[in-house]
1. If I filter the stretch 69-92 down to residues being surrounded by fewer than 16 Cβ atoms within 10 Å (Cβ to Cβ) and among the acidic types (Asp, Glu), which single residue comes out as farthest from residue 25 (Cα to Cα)?
2. With the condition being under 28 Å from residue 125 (Cα atoms) and at pLDDT 95 or above, I'd like the strands (runs of 3 or more DSSP E) fully within the stretch 1-114 carrying at least 3 qualifying residues.
3. Can you name every residue in the stretch 31-41 that is surrounded by fewer than 16 Cβ atoms within 10 Å (Cβ to Cβ), in contact (Cβ under 8 Å) with a residue 24 or more places away in the chain and more than 14 Å from the chain's Cα centre (by Cα)?
Amino acid sequence: MDVLMDPSLLVAIERIRGATNQHDLDGLVDCFAPNYQSAFPAHPDRAFHGHEQLRKNWTQIFRTVPNIHTELLRAAADGSTVWAEWEWTGTLASGGPFLQRGVTIHGVDQGKTSWVRLYMEPVQEGGPGIEAMGRSEHQ
């Protein structure tokens, strides 16, 4: 992992990584401020705030991907804002592979994430490739 920031800012992100990899739901929830705001800019309808929904979401993730493993690939900070690049892997409870990659941007206050913007997406293997970028879905 490349660290491009004051190492003390990495502590909040490393706590999230550690709690996730240990499947420690209480520890994971404790990484976030009680009134924290979560936004998914590519999926605005997924936005939420607070510990209750966070706990519901991660309970479902731990159930759906019982061996989820998160790897922090890179991180950088500007003031109290931390960018983290992730790879999340595992096996779905149904037996299929699980792989997501992306970036999360965290507002960190007193060692806890107070807001986050998630740009995590499932990895699509074997798609149409770069040529599809110029075509409209309606062609």
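1. This residue is 78.
2. In the stretch 1-114, 69-78, 81-91, 97-109 are the strands (runs of 3 or more DSSP E) which contain 3 or more residues that are under 28 Å from residue 125 (Cα atoms) and at pLDDT 95 or above.
3. Hit for the stretch 31-41 is 35, nothing else.
Per-residue answers, yes or no, for (1) free of Cβ contacts under 8 Å to residues at least 60 places away in the same chain; (2) of a type in the set (Phe, Trp, Tyr):
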position: 43; (1), (2): yes, no
position: 61; (1), (2): yes, no
position: 67; (1), (2): yes, no
position: 78; (1), (2): yes, no
position: 91; (1), (2): yes, no
position: 99; (1), (2): yes, no
position: 113; (1), (2): no, no
position: 119; (1), (2): no, yes
position: 124; (1), (2): yes, no
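One line per residue, one yes/no per condition, for (1) in contact with a Leu (Cβ under 6 Å, 6 or more places away or on another chain); (2) surrounded by 17 or more Cβ atoms within 10 Å (Cβ to Cβ); (3) of a type outside the set (Gly, Ala, Ser):
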{"position": "94", "(1), (2), (3)": "no, no, no"}
{"position": "110", "(1), (2), (3)": "no, no, yes"}
{"position": "113", "(1), (2), (3)": "no, yes, yes"}
{"position": "116", "(1), (2), (3)": "no, yes, yes"}
{"position": "130", "(1), (2), (3)": "no, no, yes"}
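The values are calculated or read from the model by the stated rules, or taken from the named source; none is laboratory data. The model shown is predicted, which means the values in this text are computed figures rather than measured ones. Glycine also receives a Cβ, built like all others from the backbone with ideal geometry; neighbour counts cover every protein chain displayed.
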